[in-house]
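S.K.: A single structure is presented below for examination.
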Amino acid sequence: MGKIDGHSTHVHLYLNGLYWGLYNPVERPTGNFGEEYFGGSNDDYDILAISRHASAAVVAKEGDLVAWNEMQALANAGLSSPEAYAAIQEYADIDNLIDYMLIHQYATNHDGPASGNNMRVLRRREPGEPFRFYVWDMEFTFWNATENSNVNVDLANTITRVYDRLRDNPEFRLRYADAVHRHLFNDGALTPHAAAARWQRRTDEIYTAVVAESARWGDFFRADEPFTRDGQWATELNRLMTQYFPQRGDYLLDDLRAAGLYPNVAAPEFGQFGGVVAPGFPLTMTAPDGGRIYYTLDGSDPRQPLTGNPIGTLYLGAVMLPDTGTVKARVLSGGEWSALTVAGFIVGTPADASTLAVSEIMYHPAGGTSHEYIELMNISPTETIELTDVRFTTGITFTFPTGTILAPGERILVVEDLAAFEAYYGAGHPVAGQYGGELNNGGEEIVLEAQDASVIRDFSYGDDSPWPESPDGDGPSLVLVAPTTDPNHADPFSWRPSVADGGSPGTDDATQFSGVATDDLDEDGVTALMEYGLGASDALHDPTVLPSGGIGELPDGQGGMAQFLTITYRRNLAADDLTYEVEISDDLQAWSSDAAHVVFLSSVDMGGGIALVSYRSSTPVGDISRQFMRLRVSTR
């Protein structure tokens, strides 16, 4: 449903070596939870619960009850007026509260709001910071698909008191209806297919593990006929899949309509509900029960709050979509507004693995975490791409806002701290926003997903050889070599240190060879292309820039030492237009650069845009009569 809540997993639990069964550890909504997801310190939070051990009284697990009591007093005084509705939003996250109640209503929970039990509430103690509500201990769920549960509830000093009094407010009722429509229609989170698919994913995770659980506890209540996976567990799964999920949404909708939380006017239907479309796509809308449709293309509500006046555009025929954006529409019929239909459209070419690269990572800035950034680049030569809803999901979290586009070759940044970034790197960089979390100084996995949840990039960077080591706190950033060639992001040899400390956020620090490759203007026996690749100049006579070789006592990879032929060369870090290959031969005829014959040793950033790179032969010199090594530099 798009809300932050406690993560969980499944484990086999053993107590002192005795198998105890299949367990479900869950992340608790505590002060530490608040600090992790909402900032501040764990001491900044009120963490409240209804405790059975205190006669169902609300207790403060952490913090105090001051703000809670103030919120309850507002609710008890009534919330029907616009002023009261505005005041309660200083205490309660309304959208969070709505989804909290909806999930209990959908799941027919018998041990939650309706029973005044298992409440978990979190609030950061700052003015305007609202309470957020978290599902907890919800195993008494998924009963009869036809029952009315948790809809008409009102218990003093609980979440339901706030919910019940809010139902007297017409703005809240329509806001509730909007959430209902979002989740129960158009493949929303509580539609039959989505709910069943989610349940099936959870089921698949534990399908085999349930056998062990039934072996441990299946005979606890019925020794003569134990519970088993393929008996009782599979039977219940089948009931949910064939009866509960297919029907629950329709019955819940009827109950909410009867409770005044969903209007009798049907919401508008779109000819296509969101997705990728061509520029000028004609979007059609229909009102299933009649009435006039009002719409907007900028993500605003076509209905004016409080007055109820239409402020959107009256639908008179197919709407040509000019740009990426969010379309919102309502039906007005007989003075009553429908729930809101909301769909996002990407007009143009969505980013994918063929067009978008992670081109630079500043994961361990010398100036501290607040100077971190990640750069993305459009590597398509011709296509402008849409980044709307492209998101980092692992390593950091960030979703690109609607309408974000990248022209061919253009770069865009996400940063850890915008104010600190601009103070250090200067203003005017193409920054899309601040990301959540921080980059690990020791390396970690980075996952970038497309708007349709397909993977654009999934790789892990590192800070130890063969990964470049100077980006690990010494000043440079980690730069993808020749990003337009779409190199393998998981290969450490696809990356190099930036030429300058601090990197080149939003720009390219690479250079381009512009001379004649075979020239030797300074007559030192080194061609112009080789001089460029070695970070030298063809205008300066200096044959010493050539690679050097020798015999080195080195680890043999099997725990011992041996002598190997080595080669060391200077690498121009800015020369992304070149490829470097160390080759080996025993007859000066057949040459190989295969990793089975040539072994990478190290790359040392010397500063000034130069690195010293070393390789060795794979075979010790004592095992062969002769070996030759050379460096091949080529244009891409």
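S.K.: Please enumerate the residues belonging to region 454-472 that are exposed (fewer than 15 other Cβ atoms within 10 Å of the Cβ) and part of a loop (DSSP other than H, G, I, E, B).
M.R.: If the condition is that a residue be exposed (fewer than 15 other Cβ atoms within 10 Å of the Cβ) and part of a loop (DSSP other than H, G, I, E, B), then 454, 464, 465, 466 are the ones that fit.
S.K.: Test residue 98 against the stated conditions and say whether it is within 30 Å of residue 307 (Cβ to Cβ), touching a Leu at 6+ places or on another chain (Cβ under 6 Å), in the same structural domain as residue 167 (by TED's automatic domain parsing) and not aromatic (Phe, Trp, Tyr).
M.R.: Details: within 30 Å of residue 307 (Cβ to Cβ): yes; touching a Leu at 6+ places or on another chain (Cβ under 6 Å): no; in the same structural domain as residue 167 (by TED's automatic domain parsing): yes; not aromatic (Phe, Trp, Tyr): yes.
It is false that residue 98 is within 30 Å of residue 307 (Cβ to Cβ), touching a Leu at 6+ places or on another chain (Cβ under 6 Å), in the same structural domain as residue 167 (by TED's automatic domain parsing) and not aromatic (Phe, Trp, Tyr).
S.K.: All but one of (1) within 13 Å of residue 120 (Cβ to Cβ); (2) outside any helix (DSSP H, G or I) hold for residue 33; state the number of the condition that does not hold.
M.R.: In the conditions (1) within 13 Å of residue 120 (Cβ to Cβ); (2) outside any helix (DSSP H, G or I), residue 33 misses (2) alone.
S.K.: Within region 113-148, can you find the residues that are among the small types (Gly, Ala, Ser), closer than 26 Å to residue 87 by Cα and in contact with an Asp or Glu (Cβ under 9 Å, 6 or more places away or on another chain)?
M.R.: Within region 113-148, the first condition is being among the small types (Gly, Ala, Ser), and the residues that meet it are 114-116, 128, 145.
Still in the list and also closer than 26 Å to residue 87 by Cα: 114, 116, 128.
Scanning region 113-148 gives a single hit, 128.
S.K.: Which of (1) at pLDDT below 95; (2) in contact with a Phe, Trp or Tyr (Cβ under 8 Å, 6 or more places away or on another chain) is the odd one out, the single condition residue 171 does not satisfy?
M.R.: Of (1) at pLDDT below 95; (2) in contact with a Phe, Trp or Tyr (Cβ under 8 Å, 6 or more places away or on another chain), only one is false for residue 171: (1).
S.K.: Could you list, in sequence order, the residues of region 507-531 that are out of contact with any Ser or Thr (no Cβ under 8 Å at 6 or more places or on another chain), under 30 Å from residue 364 (Cβ atoms) and surrounded by 14 or more Cβ atoms within 10 Å (Cβ to Cβ)?
M.R.: Start the filter on region 507-531 by keeping residues that are out of contact with any Ser or Thr (no Cβ under 8 Å at 6 or more places or on another chain), which leaves 507-508, 510-512, 514-516, 521, 523-526, 530.
Next, only the ones that are under 30 Å from residue 364 (Cβ atoms) stay: 507-508, 510-512.
Those that are out of contact with any Ser or Thr (no Cβ under 8 Å at 6 or more places or on another chain), under 30 Å from residue 364 (Cβ atoms) and surrounded by 14 or more Cβ atoms within 10 Å (Cβ to Cβ): 508, 510, 511.
S.K.: Could you please tell me which pairs satisfy a Cβ distance under 7 Å, a separation of 6+ or placement on different chains, a first residue in region 81-98 that is more than 11 Å from residue 132 (Cα to Cα), and a second residue that is at pLDDT 95 or above and aromatic (Phe, Trp, Tyr)?
M.R.: So the pair list comes out as 85/172.
S.K.: Is it true that some residue in region 378-388 is over 26 Å from residue 469 (Cα atoms), under 15 Å from the mean Cα position of the chain (by Cα), modelled with pLDDT under 95 and assigned by TED's automatic domain parsing to the domain that holds residue 490?
M.R.: Checked region 378-388: at least one residue is over 26 Å from residue 469 (Cα atoms), under 15 Å from the mean Cα position of the chain (by Cα), modelled with pLDDT under 95 and assigned by TED's automatic domain parsing to the domain that holds residue 490.
S.K.: Further question: Please note which helices (runs of 4 or more DSSP H) are completely contained in region 120-216 and include at least 3 residues that are touching a strand residue (DSSP E or B) at 6+ places or on another chain (Cβ under 9 Å) and surrounded by 16 or more Cβ atoms within 10 Å (Cβ to Cβ). Don't jump to the end; show me each part of the working.
M.R.: Working: elements: 159-166, 170-184, 192-206.
It comes to 159-166, 170-184.
S.K.: Same structure, new question: Of the residues 477, 504, only one is outside the structural domain of residue 463 (by TED's automatic domain parsing), surrounded by 17 or more Cβ atoms within 10 Å (Cβ to Cβ) and over 26 Å from residue 544 (Cβ atoms); which? Give the derivation first.
M.R.: Working: 477 fails: outside the structural domain of residue 463 (by TED's automatic domain parsing).
Step by step, each of 477, 504 is checked, and only 504 is outside the structural domain of residue 463 (by TED's automatic domain parsing), surrounded by 17 or more Cβ atoms within 10 Å (Cβ to Cβ) and over 26 Å from residue 544 (Cβ atoms).
S.K.: Continuing with the same structure: Of all residues in region 1-47 being touching a Gly at 6+ places or on another chain (Cβ under 8 Å) and aliphatic (A, V, I, L, M), which is farthest from residue 117 (Cα to Cα)?
M.R.: 13
Matching residues to (1) under 28 Å from residue 524 (Cα atoms); (2) in contact (Cβ under 8 Å) with a residue 24 or more places away in the chain; (3) acidic (Asp, Glu):
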residue	(1), (2), (3)
577	yes, yes, yes
601	no, yes, no
607	yes, no, no
613	yes, yes, no
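S.K.: If you don't mind, another one. Kindly establish whether residue 490 is among the aliphatic types (A, V, I, L, M), part of a loop (DSSP other than H, G, I, E, B) and under 30 Å from the mean Cα position of the chain (by Cα). Walk me through it before giving the result.
M.R.: Numbers: among the aliphatic types (A, V, I, L, M): yes; part of a loop (DSSP other than H, G, I, E, B): yes; under 30 Å from the mean Cα position of the chain (by Cα): yes.
Judged against the criteria, residue 490 is a match.
S.K.: So which helices (runs of 4 or more DSSP H) are wholly in region 60-112 and hold at least 1 residues that are on the phi > 0 side of the Ramachandran plot, buried (at least 20 other Cβ atoms within 10 Å of the Cβ) and not hydrophobic (A, V, I, L, M, F, W, C)?
M.R.: Values: elements: 66-77, 82-88, 94-106.
Here the list is empty.
S.K.: Out of everything in region 1-43 that is free of Cβ contacts under 8 Å to residues at least 24 places away in the same chain, charged (D, E, K, R) and in contact with a helix residue (DSSP H, G or I) (Cβ under 8 Å, 6 or more places away or on another chain), what residue ends up being surrounded by the fewest Cβ atoms within 10 Å (Cβ to Cβ)?
M.R.: Among those that are free of Cβ contacts under 8 Å to residues at least 24 places away in the same chain, charged (D, E, K, R) and in contact with a helix residue (DSSP H, G or I) (Cβ under 8 Å, 6 or more places away or on another chain), it is 43.
S.K.: Turning to a different aspect of this structure: What strands (runs of 3 or more DSSP E) completely inside region 531-633 contain at least 1 residues that are at pLDDT 95 or above, out of contact with any strand residue (DSSP E or B) (no Cβ under 7 Å at 6 or more places or on another chain) and among the aromatic types (Phe, Trp, Tyr)?
M.R.: Result: empty, no element qualifies.
S.K.: Still on this structure: Based on this model, can you work out whether residue 171 counts as assigned by TED's automatic domain parsing to the domain that holds residue 42, farther than 23 Å from residue 246 by Cβ and touching a residue at least 12 places away in the same chain (Cβ under 8 Å)?
M.R.: On the way: assigned by TED's automatic domain parsing to the domain that holds residue 42: yes; farther than 23 Å from residue 246 by Cβ: yes; touching a residue at least 12 places away in the same chain (Cβ under 8 Å): yes.
Against the criterion (assigned by TED's automatic domain parsing to the domain that holds residue 42, farther than 23 Å from residue 246 by Cβ and touching a residue at least 12 places away in the same chain (Cβ under 8 Å)), residue 171 qualifies.
S.K.: In region 334-356, what count of residues is obtained for those that are more than 28 Å from the chain's Cα centre (by Cα) and surrounded by fewer than 18 Cβ atoms within 10 Å (Cβ to Cβ)?
M.R.: Going through region 334-356 one residue at a time, the tally reaches 3.
The values are calculated or read from the model by the stated rules, or taken from the named source; none is laboratory data. Since we're looking at a predicted model, the values are computed, not measured. Here the Cβ is made from the backbone with ideal geometry for all residues, glycine too, and neighbour counts use every protein chain on show.
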